[in-house]
Amino acid sequence: MKVRINEKEYEFQESKSILDACSEIGLNLPTLCHHELLEPRGVCRLCVVEADGKLVTSCTTKIRDGMSIETHSNKVIESRRMNLMLLIADHQEECLSCNKSTDCLLFKYANEYDIHGIPFEKIDKEEFEPDESCYSFRRDLKKCIKCGKCVEVCNVLQKVYAIEYSKRGKDLKMSTAFEYPINETECTFCGQCVLNCPTCALEEKYEASDLMWAINDKETVVACQVAPSVRASIMEEFGKNEGITVGKLVSALKMIGFDYVFDTQLGADLTIMEEANELLERIKENKGLPMFTSCCPAWVKFVEDNFHDFIPNLSSCKSPQQMLASVFRTYFAGKLESKPENIKLASIMPCTAKKTEARRYEFIGDIDFVITTRELSRMIKEFGINFEALDESEFDCPLGESSGAGAIFGVSGGVCEAALRTAYETATSKKLEKVEFEQIRGVDFFKHGEININGRVVRFAVVHTLGKARELLEQIRKGEAHYDFVEVMACPGGCIGGGGQPIPTDMKTIRERMQRLYTIDQLKKARRSHENPDIIRIYGEFLEQPLSKKAHALLHTKYMKRSYYSDKKG
Amino acid sequence: MKHIIRVCTCTGCQANGSLEVFEGLCRAVSGRKKECEGKGIEIEVKETGCTGLSETVPNVLVEPSGILYVNVNEDKAERIVDSVINNYVIDEMLFELDGKKYGKLTDVPFFALQERVLLARCGYTTPLSLSDYIESGGFEGLKAAVSMKQDEIIDILKRAKLRGRGGAGFLTGIKWRFLKNAKGNEKFLICNADEGDPGAFMDRSLLESDPFAVLEGMLIGAYATGATRSFIYIREEYPLAIDKVKTAIDILKENGYLGNNVLEKFSFDIEIRKGAGAFVCGEETALMNSVEGKRGQPRIKPPFPAERGIFGKPTNINNVKTYAFVPLILRNGPEWFLDKGNGKSSGGTLLICLTGKIRLNGVVEVKMGTALRKVIYDIGGGLKSGKRLKGVQTGGPSGGCIPEALIDTEIDYESMQELGSIIGSGGIICIDEDDSIIDLCIFFLDFLEKESCGQCTPCREGIIQMKDLIIKIKERKASEQDIAMLEKLAVYVRDNSLCGLGQTSPNVVLSSLKYFRDEFERRISGKPVFKINEKCTGCHLCFLKCPVKAINGSPKEIHEIIQEKCIGCGICYDVCKFQAIDKE
């Protein structure tokens, strides 16, 4: 169909929204409430355009043959300016002392639309106290512009239902049930709300300054571990697509002052060693199937909160972050001369839920700081590090070497693929001809396949986003779906789309990050976790063998049934 | 001879003690049973629906004489019964207006000048009596309908030009055709009884007074569109209406008019859903969300309800009055209905709620196209205060203000829209010269800022700021730019809001700025404020000189400046010989 956009004619093959059509021809219209994975709601009204002379929201209006669209007529611009002025009047402006101002969409649009001076009374927001109750993020309704994106992401994409709209009109606010503190709700701390909040009403808890204090303390040894997904996205924070390699990232971390830089991918390799063998065991005993992965703390909490009957199905393996921390505290720290209390471990994660995971009571003392990709980028910027001038460095030994299987832990399907590589080869003693499991790669929300291991057909499935996980669990519960092994990651695309990742994170950036991790895998000499020389060494020197008594003590964990509301206010 | 004494027991009348009157009458009748028998008189006291004359309730109607007694209380019950038995009229209890007394209800101008079609049963039948309903023509429309094809019914409605009476005024026939033609195995009808406008109570009155008529309209709708299930969405604040409709549904079920195999032609079920009192749930898509158990906020259209409505199924939503019209149209034909209009886009009569400073407030029914003046002065009896009418606010929070100068306008969809207002659900609030337009705007904006669902920016934030700007103007802190900004903001909210609530919310501001702009402008900051101090001798000079009659006071008493009216010209200040006027 032919559509005129700003007096130029364009041809489109299929029906789509005006917003998408404009984006396709290189015109990004401003919007605060739109999320590409969700149904358009048309509530922020910022994306208005004139279509055939009528003011319409471009996200909810489909193009029609012969339509004439003006994206920047005077009327449109005036509407958007008025909209922004109204929002700013209802927003606590602290832009200079606001952590998110450089990522703030309201700030960006106000700048672009030449807003200076608000002709309206500022709305008093004094009644709102920030909710600081959880480790992962802070909710500050003083800065909320009520776009509802957090609620939609939480309820539609994730189906977690931790926050909802409450009240109406001028009193509308995003609220937890009974206005409980967020840590007393079924929130999984996945951080998708943080990632999608256009302002700073939701932001991660910053631990970087405390971390810096520890680094500057000469008595203290500070080590860090870097998750796979961080290296897949950190360059975006510096406006680049490539050029910031893992080696340069390690150099930057050393420059900041970390005494040791380890690779969470090694933790991932450890996880695979344990998880693959656990899977084989469960299959042998035909017990506790399907087995669910347990690397994603948001997913683990989701099961603990909502699906108590599936808790035994969760793999007992700790996540890579926690496995590496355990091995660091026992195997590595023992070799250091410092007192245990002077040894600190930070982890750099694409994830806000990891902050909370590190504070689960089972794990207390293992990890001292968890910072996100965004926090790391701020530290690097604070140091003024110029990546171009840096040399490449290696991760520290012996927790620095990793396999390609560990790298793909960051993408949806990666854990499953890595586990299958090791499970198959361990069980059959045969080499896989092709280590890539194409059927579970890519951004489809539900992927599945099967593999024959010694005559037993093992059926596996991969889902990402908790919304899809909920659907799959309900199907399994009803007996409509049958799998032996299921991988779940809470965020779109897996950890690469995590709540701590650079803003914006959209499907385009997720695909790019995915590709970067697959490339790292491809270039690795060791593609399978059990081929990683450090892994062989750690098991040889310390852990004996997968699922050994020692491995169980250090690398496995327990889960708990959680419930809210019922035991409180009626 | 048989006499019937009718007492309305609708919510409004009950609140004024009509139940006590009813019981008093019953007691009085049974107390004089023997006497009646002796005289061959039979008296029955019956509950009825509301006549609509809310000003003088409780009202009592005696039949067959047709005598109307007003402002009745329990103590007067005996006398009424006595008057029936002994065949006389109690003069002092008759309706009186401008010194003239009216005996018969039909002689009272309030009733005589109405065109009561929808309200024909109200006051004359017992709301939950199926026999009363059938005797007065009930189910004739339904019976006529089931003898026709679906398309014929829809065609009749189209020819009758029945426009939806909920506010938007969409043609009912077209809407029904959408639903009839919609694909889907299950279709829904919804009756919107979430009457939320301040000062509107005609839907409640109709549901309480003639519930079967509304249900019959829905039954015809079901047959014509193929809908099998339906909901009546009534606000929780209408417990009596809910009770009556519930009982009416049960009665219809018992008598085979609802459920499987209605008149051996179709199956249909009606359920009641209670609204929790959110104004926005009167918006059809928000209403559907609410019925589904979701948060009551409007959905984006398209898809329209006929395509994807409640539970994702094709749905048709009409207002209470719209459904109640349908049986009448099928009974009397489209020409009859058209004849009740003024030849423009809509046929039929119009239900109006007269409130505010009007002398006779209540529910009235007039032909579409009746002049506002006739409704206010001839039917409503003019203003209570005897003061000059300043204007009328029509259509509730979505409507606008019309000045006295335009009072000869005929009430129909087009004319109201031309004036920047709407018919809406039919509320008319009269204001007199003492009322401040600015306060009226603040009242409605205050209502709307609380009742907006809050999802879209223009409505949620825009209404707050419009209200704030007007308060600023009221407090004389605003500049000319603020008035310009108010107007700009109002236009923005109108053009940018997601649903009808937001789009119409600035009507009250825009129409006020159009017709009463001077009231805003005279409050611009910088203009001096004058106040009279205790030195005033009551010489009355300022009173005489004030060009806008903004000074109150009798000679030899301290005078007072009505700030609402003052234009800050300073003439009073100049003429005062006693330094009794302060300039701030």
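The values are calculated or read from the model by the stated rules, or taken from the named source; none is laboratory data. From a predicted model like this one, the values you see are computed outputs, not experimental measurements. Cβ placement follows ideal geometry from the backbone for every residue including glycine, while neighbour counts extend to all protein chains displayed.
Out of all the residues in the range A:57-69, which are surrounded by fewer than 19 Cβ atoms within 10 Å (Cβ to Cβ) and more than 10 Å from chain B (Cβ to nearest Cβ)?
Listed by number, the residues that qualify are A:R64, A:D65, A:G66, A:M67, A:S68.
In the range A:70-112, what residues are among the β-branched types (V, I, T), buried (at least 17 other Cβ atoms within 10 Å of the Cβ) and either in a helix (DSSP H, G or I) or out of contact with any strand residue (DSSP E or B) (no Cβ under 9 Å at 6 or more places or on another chain) (or both)?
Within the range A:70-112, A:V76, A:I88 meet the criteria.
Sort out for me the helices (runs of 4 or more DSSP H) sitting completely within the range A:462-545 that have 2 or more residues that are modelled with pLDDT of 95 or more, under 15 Å from the mean Cα position of the chain (by Cα) and assigned by TED's automatic domain parsing to the domain that holds A:I283.
A:466-478, A:507-523
Those residues that are at the interface with chain B (Cβ under 10 Å from one of its Cβ atoms), buried (at least 22 other Cβ atoms within 10 Å of the Cβ) and either among the charged types (D, E, K, R) or in a strand (DSSP E or B) (or both), I need them from the range A:40-56; list them, please.
Answer for the range A:40-56, where residues must be at the interface with chain B (Cβ under 10 Å from one of its Cβ atoms), buried (at least 22 other Cβ atoms within 10 Å of the Cβ) and either among the charged types (D, E, K, R) or in a strand (DSSP E or B) (or both): A:R41, A:R45, A:V48.
Would you confirm whether any residue within the range B:158-175 is within 27 Å of B:G369 (Cβ to Cβ), crowded, with 23+ Cβ neighbours inside 10 Å and among the polar types (S, T, N, Q)?
yes
Being over 22 Å from the mean Cα position of the chain (by Cα) and modelled with pLDDT of 95 or more is true for just one of A:F369, A:F310. Which residue is that?
On the way: A:F369 fails: over 22 Å from the mean Cα position of the chain (by Cα).
Going through A:F369, A:F310 in turn, the sole match is A:F310.
Quick check on B:V392: is it under 30 Å from B:P58 (Cα atoms), touching a residue at least 12 places away in the same chain (Cβ under 8 Å) and touching a Cys at 6+ places or on another chain (Cβ under 7 Å)?
Considered against the rule, which asks whether it is under 30 Å from B:P58 (Cα atoms), touching a residue at least 12 places away in the same chain (Cβ under 8 Å) and touching a Cys at 6+ places or on another chain (Cβ under 7 Å), B:V392 comes out as yes.
If you take the residues in the range B:495-541 that are among the aromatic types (F, W, Y) and over 25 Å from the mean Cα position of the chain (by Cα), which one is nearest to B:S452 (Cα to Cα)?
Across the range B:495-541, the extreme among qualifying residues is B:F520.
Can you give me the number of residues within the range B:461-481 that are at the interface with another protein chain (Cβ under 8 Å from one of its Cβ atoms) and in contact (Cβ under 8 Å) with a residue 24 or more places away in the chain?
3
Select, from B:G462, B:G424, the only residue that is of a type outside the set (S, T, Y), crowded, with 24+ Cβ neighbours inside 10 Å and at pLDDT below 90. Reasoning before the result, please.
Values: B:G462 fails: at pLDDT below 90.
Sole residue among the options that is of a type outside the set (S, T, Y), crowded, with 24+ Cβ neighbours inside 10 Å and at pLDDT below 90: B:G424.
Going by what's in this entry, would A:K434 be described as farther than 17 Å from A:L266 by Cα, basic (K, R) and modelled with pLDDT under 95?
yes
Collect the residues in the range B:359-387 that are in a strand (DSSP E or B) and within 14 Å of the chain's Cα centre (by Cα), keeping them in residue-number order.
Restricting attention to the range B:359-387, the residues satisfying the condition of being in a strand (DSSP E or B) are B:362-367, B:371, B:383.
Once the filter is applied, which keeps residues that are in a strand (DSSP E or B) and within 14 Å of the chain's Cα centre (by Cα), the range B:359-387 yields B:G362, B:V363, B:V364, B:E365, B:V366.
Which condition from (1) away from every other protein chain (no Cβ under 14 Å); (2) outside any loop (DSSP other than H, G, I, E, B); (3) under 30 Å from A:F120 (Cα atoms) is the one that B:K390 breaks?
Failed condition: (3).
Output the residues belonging to the range B:254-275 that are touching a helix residue (DSSP H, G or I) at 6+ places or on another chain (Cβ under 8 Å) and part of a loop (DSSP other than H, G, I, E, B).
Scanning the range B:254-275 gives B:N255, B:Y257, B:L258, B:L263, B:K265.
Looking for something under 28 Å from the mean Cα position of the chain (by Cα), of a type in the set (V, I, T) and either more than 19 Å from B:Q455 (Cβ to Cβ) or surrounded by fewer than 19 Cβ atoms within 10 Å (Cβ to Cβ) (or both) - is there at least one such residue anywhere in the range A:18-37?
Scanning the range A:18-37, I find no residue that is under 28 Å from the mean Cα position of the chain (by Cα), of a type in the set (V, I, T) and either more than 19 Å from B:Q455 (Cβ to Cβ) or surrounded by fewer than 19 Cβ atoms within 10 Å (Cβ to Cβ) (or both), so the answer is no.
Going by the structure shown, is B:A484 within 14 Å of another protein chain (Cβ to nearest Cβ) and within 26 Å of A:R45 (Cα to Cα)?
On the way: within 14 Å of another protein chain (Cβ to nearest Cβ): yes; within 26 Å of A:R45 (Cα to Cα): yes.
Answer is yes for this residue.
Would you mind listing the strands (runs of 3 or more DSSP E) fully within the range B:32-148 where at least 1 residues are in contact (Cβ under 8 Å) with a residue 40 or more places away in the chain?
Correct list: B:42-48, B:60-63, B:67-69, B:95-97.
For the range B:287-303, name all the residues that are within 13 Å of chain A (Cβ to nearest Cβ) and more than 19 Å from A:N155 (Cα to Cα).
Once the filter is applied, which keeps residues that are within 13 Å of chain A (Cβ to nearest Cβ) and more than 19 Å from A:N155 (Cα to Cα), the range B:287-303 yields B:K301, B:P302, B:P303.
Restricted to the range B:427-459, and to residues that are within 30 Å of B:T349 (Cβ to Cβ) and within 14 Å of chain A (Cβ to nearest Cβ), which residue is surrounded by the most Cβ atoms within 10 Å (Cβ to Cβ)?
Within the range B:427-459, the match that is surrounded by the most Cβ atoms within 10 Å (Cβ to Cβ) is B:L448.
List the residue pairs whose Cβ atoms are under 7 Å apart, where the first residue sits in the range A:89-102 and is away from chain B (no Cβ under 14 Å) and touching a residue at least 40 places away in the same chain (Cβ under 8 Å), the second is not β-branched (V, I, T) and not in a loop (DSSP other than H, G, I, E, B), and the two are 6 or more positions apart or on different chains.
A:Q92/A:K142; A:Q92/A:K143; A:N99/A:E203; A:K100/A:E203; A:S101/A:C95; A:S101/A:F107
Scan the range B:274-286 and report the pairs whose first residue is assigned by TED's automatic domain parsing to the domain that holds B:G166 and at negative phi and whose second residue is part of a loop (DSSP other than H, G, I, E, B) and acidic (D, E), with Cβ atoms within less than 7 Å and a gap of 6+ or a chain change.
That search, which allows pairs on different chains as well, returns B:K274/B:E236; B:G275/B:D194; B:G275/B:E236; B:A276/B:E236; B:C281/B:D194; B:G282/B:D194.
Condition (residue is under 21 Å from B:G293 (Cβ atoms), out of contact with any Cys (no Cβ under 6 Å at 6 or more places or on another chain) and either not assigned by TED's automatic domain parsing to the domain that holds B:V392 or not in a helix (DSSP H, G or I) (or both)) applied to the range B:194-202: is it met by at least one residue?
yes
Output the helices (runs of 4 or more DSSP H) that fall wholly within the range A:309-422 and possess 3 or more residues being under 20 Å from A:D217 (Cβ atoms), or say none. Steps first, answer last, please.
Values: elements: A:320-327, A:353-357, A:373-383, A:404-407.
Because the criterion is at least 3 residues that are under 20 Å from A:D217 (Cβ atoms), the helices (runs of 4 or more DSSP H) in the range A:309-422 that meet it are A:373-383.
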